[in-house]
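Working notes, structure below.
The values are calculated or read from the model by the stated rules, or taken from the named source; none is laboratory data. Just so it is clear, the structure is predicted and the values come from calculations on it, not from any experiment. Here Cβ is always computed from backbone atoms with ideal geometry, including for glycine, and neighbour counts include all displayed protein chains. Ligands, DNA and RNA are stripped out before the accessible areas are found, and what is left, the full protein with its side chains, is counted by its heavy atoms. Shrake-Rupley method; radii C 1.70, N 1.55, O 1.52, S 1.80 Å.
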Amino acid sequence: MPKDSKNKILKIKPLRKGLSIYKTARSPYWYVRLRDPIARAYVVRSTKETSRIEAIDAAGEFADSYHSQANSDHARKKSTSFEHYAKKLMDLQKGASKWSDGDNMLLMRANDGLIVYFGKYDVTKINTGMVRDYLIHLDGNRPKRLAESTKAKHTIIMRKVLALAVEDGVLNVLPVMPKQKTVDTPRHTFTDKEYKLFKEVAQRCANRGDKVRGVRVKREHVMMFMFCVHSFLRPTEGELFGLKHGDIQVKGDPTHLELNVRGGKTGARVSVTMPIAVPFYTDLKDPFKGIRYPADEYVWMPEYPNRRTAINTARRIFNHILKEAGLADGDRKLSPYSLRHYAIQARLRESKGKVNLHTLAKNAGTSVDQLERFYLKKMAPSKELIENLQIVG
């Protein structure tokens, strides 16, 4: 007789989903097998009963007792569960928040998403320690630890979900979220010399009609990059590439453009440009004098209705110019975002500390804290700049 024949299941009786009793040749007693959905494993115990009827009763009692002990933190009502409020957040953000897709991805991950892990828990039972255990769980599921900034995104979504429970009066106060150590890694920016070279080479590329993946580099592309610098806009779908003619007004004293930025990173805002940005926009109309642009037409690269395609094409043209200018080599990785960084640093530097940081931050769709962490930190301090930072009000 084979060694494992005594462990072979001779009889099995399913009782309900995840619960059954069975018998082997090793013992006269029936065994209960219960599925633990949290541990994703089966729990096996002897019923100490030889009668199938008695074993069924014993199995039911064991299952109820096990679930009561193991899931004491689970919600008794679906309306107080984490899953209920997570789905409520998803419904509220649907079509109204540009972060909804990213939030949904972390909430709905099949293996270790927030709903899989916390879904059945009562929101009132979730505490700091449980969130910390979840972050450790995330690392345990991967060959490489998650970045601290990524973990911070998980805790931010946790706060969003639990905040809805606070609004409903189900939860009295939000639990303290574990703090993640983050390291600022600002994008590289142009120096004055590099930016001047970039402009000169960009113009030469346009004059020659260089082609990048079949797309000719045009004067309009050069003007677009310059406009980005003098408008402080992010080269994103919601800002530079989301700008339409109906979003722009030419204002006077001094002449500048007033931009209605609809999809900024920090939300909608009205932003004003530097005076030099005006001709970069108005010169677009020179070949079409007498023709009024439709208000809903995109300003930059309107030939691409898909704005992701426009962004990717612009990035390839930008990289081509960098390569032609000899700026694509080395450890410093310049990107279209570097134009915005250069714009803000140049404004801070050229004002000799006189620019109001709050006004600049608001106009650029950022914060004074971000200016200090990502822009001022890398700048050599001038006497005027230091004095400006000491001014209150």
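When every Cα-Cα distance of the range 108-233 is counted in 5 angstrom steps from zero, the calculated P(r) takes the values 2, 8, 13, 14, 9, 7, 5, 7, 10, 10, 8, 5, 1, 0 percent.
Could you work out the helix-only [θ] at 222 nm for the chain, with each DSSP H run of four or more residues adding -39,500 (n - 2.57) and the total divided by the number of residues, to the nearest 500 deg cm²/dmol?
On the way: 13 runs with 161 residues, N = 393.
So the helix-based figure for the chain works out to -13000 deg cm²/dmol.
Sparse packing (at most 16 other Cβ atoms within 10 Å of the Cβ) combined with a DSSP loop state is found for the following trypsin sites (Lys or Arg not before Pro) in the range 109-168: ARG109, LYS144, ARG145.
Once you list every other residue whose beta carbon is under 10 Å from the beta carbon of GLU239, what net charge do they have if Lys and Arg are +1 and Asp and Glu are -1?
Numbers: positive: ARG234, ARG262, LYS265, ARG269, ARG340; negative: GLU237.
Charge balance in the 10 Å sphere: +4.
Consider a paramagnetic label point 7 Å from the Cα of LYS88 along Cα→Cβ; state which residues of the range 129-173 have an amide N under 14 Å from it. Flagged as within label range: 159-173. Maximal additional length on extending the ASP331-THR191 stretch stands at 48.9 nm, based on 0.36 nm per residue less the C-alpha distance. Of MET301, MET274, the residue with the largest accessible area leads and the full order is MET274, MET301 (1.4 Å probe). The length gained on full extension between LYS11 and ASP168, counted as 0.36 nm times the residue separation minus their Cα-Cα distance, comes to 51.5 nm.
Here ASN356 and TYR66 are evaluated by their C-beta separation; at R0 = 56 Å the FRET efficiency comes out at 0.30. Each Cα pair under 8 Å and six or more residues apart adds its separation to the average, and for the chain the resulting relative contact order is 10 percent. Rounded to the nearest 0.05, what FRET efficiency do ASN207 and ASP73 give with R0 = 56 Å and r taken as the Cβ-Cβ distance? Could you check? The value I calculate is 0.25. Which residue, ARG33, ARG315, ARG347, has the most motion in a Gaussian network model of the chain that connects Cα atoms within less than 10 Å? Per the Cα network of the chain with a 10 Å cutoff, ARG33 tops the list. Each residue, MET105 and SER27, gets one label point 7 Å from its Cα in the Cβ direction; the gap between the two is 4.8 nm.
Taking 0.36 nm per intervening residue step and subtracting the Cα-Cα distance, what contour gain separates THR309 from ASP112 on full extension? Walk me through the intermediate numbers first.
Numbers: separation 197, 0.36 × 197 = 70.92 nm, distance 3.25 nm.
Stretched fully, the THR309-ASP112 segment lengthens by 67.7 nm.
Where the alpha-carbon atoms of the chain are placed on the principal axes, they occupy 94, 53, 43 Å, in descending order.
Taking amide H positions as modeled 1.01 Å from N, with prolines and chain starts lacking one, the residues under 5 Å from LYS244 and 5 or more places away or on another chain are VAL299. Solvent-accessible surface of the chain, averaged per residue with a 1.4 angstrom probe and all protein chains in place: 59 square angstrom. Within the shell defined by Cβ-Cβ distances under 11 Å, the residues around LEU164 carry a net charge of +1, with Lys and Arg each +1 and Asp and Glu each -1.
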